[in-house]
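Notes follow the structure.
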Amino acid sequence: MKQFKIGLFTLLVGLFGLLTVNAQNLIPNGNFEEGQGNWNLGRDVLFKQSGGRNDSKCVATKDYLGAYNYPRLSQKFDIALEGGKTYVVSMWVSNKTDLSLLKGSFSIKTNEDESLYGYNTLVFEEVETDGNWKKVKIELAFPESAAKMTQFGLTFSKMEDIWVDDIKMVKKENPAPKNFKVVDDKLSQRGALLSWDAKQGKVYKVMVNNKTYTVNAGNMLAVTDLSPNTEYTASIYADGTPDAKSSVTFKTKNYIKDNEEERVPFLANIVDGKIDGKFLYAIEDLTGNEIEDIKVTFNDSPATVEGGYVTLPNNVNEGKLVVEVTQKGGEKTVLTYNSITKK
């Protein structure tokens, strides 16, 4: 994605299709179905009763003689803007149009002093084609001070016919992360594994248990230090778009007591004396405060513990596994397994 900074205004030109956007078109009569209306058709720009993308009304240029007196289409209005938001302007143009010679211009006013700012010679990018037409767009990230747009215009710097139809301007909506959920078989008394559909290059913020985690890459987060038999709500959003959140509610597993005696804490990741080389630790039947720290050794070789995951040393395949758990308040619990095999 290319970025150009122009004054108080950032122009984002995307090479990909439009993301989810608000369906309301903010440009009046952008499809020309009301006729010429309040469009100002400059020299050599004609209103057409037919010939548009679906044989609808549209506008077109015709051959002109002036070397610098280029054809221009424009409209003045007062469109309310949300400062700090991004808007997408799109239109359909005839397929042969050289986009380097099709320039957009915009004027906005601020909500501070009614100052007027103009932006000219903005270049559109192609996003799709349909027969003799192609769709082009430009993304406009307005400053926080922006209050309204007062003018939109197109200049055609080409000496041949160019057809234009269906001009739109909509506010861009950032979609919330999809399929945000708890991985069922990774839910324990004191931890959970959250997953979602991640997009390449996105940084995500995950909030749970009054903590915010930053995930710079990947689509999973191991959350530990939770309390047994407790309901939590986790939320996620892509960094920079806190209004587009997804949420999931889950309940950690219960602390179980046997009818005859209290069960001692244990590492639930061990099954039939075997354990994965890398696992999301699940300490079950541990009472008291949240886990503050955990250390693991395998035949006296230290394991790596990061983000709730334990990675056993590569040079050890079987032997004694020791797990030292420190809870908030300083209470320590040591779990020892004398004969464990790494899968």
Ordering 146-156, 320-330 by per-residue average of other C-beta atoms within 10 angstrom, highest first, gives 146-156, 320-330
Carbon and sulfur atoms account, in whole percent of the 1.4 Å probe accessible area of the chain, for 44
For the table LYS135/LYS205; LYS48/LYS96; LYS171/LYS202, the rows whose alpha-carbon distance is greater than 27 Å are LYS135/LYS205
If each K or R counts +1 and each D or E counts -1, the residues other than ASN174 whose Cβ falls under 14 Å of its Cβ total +3
Residues other than TRP163 with Cβ under 10 Å of its Cβ, Lys/Arg counted +1 and Asp/Glu -1, net out at +1
Averaged per residue, the 1.4 Å probe accessible area of the chain, protein heavy atoms only, in Å², is roughly 52
Contour minus Cα-Cα span, LEU101 to MET220, at 0.36 nm per residue, comes to 38.3 nm
If one builds a Gaussian network model of the chain from Cα atoms under 10 Å apart, the most fluctuating residue listed among LYS245, LYS62, LYS137 is LYS62
Charge tally for neighbours of GLN189 with beta carbon under 9 Å away, counting Lys, Arg as +1 and Asp, Glu as -1, is 0
Protection proxy (average C-beta count within 10 Å per residue), highest first, orders 208-218, 39-49, 188-198 as 188-198, 39-49, 208-218
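The values are calculated or read from the model by the stated rules, or taken from the named source; none is laboratory data. Since this is a predicted model, take the numbers as computed values, not measurements. Using ideal geometry, Cβ is built from the backbone for each residue, glycine included, and neighbour counts are taken over all protein chains shown. What goes into the accessible areas is simple: the full protein's heavy atoms, side chains included, and nothing from ligands, DNA or RNA. Shrake-Rupley method; radii C 1.70, N 1.55, O 1.52, S 1.80 Å.
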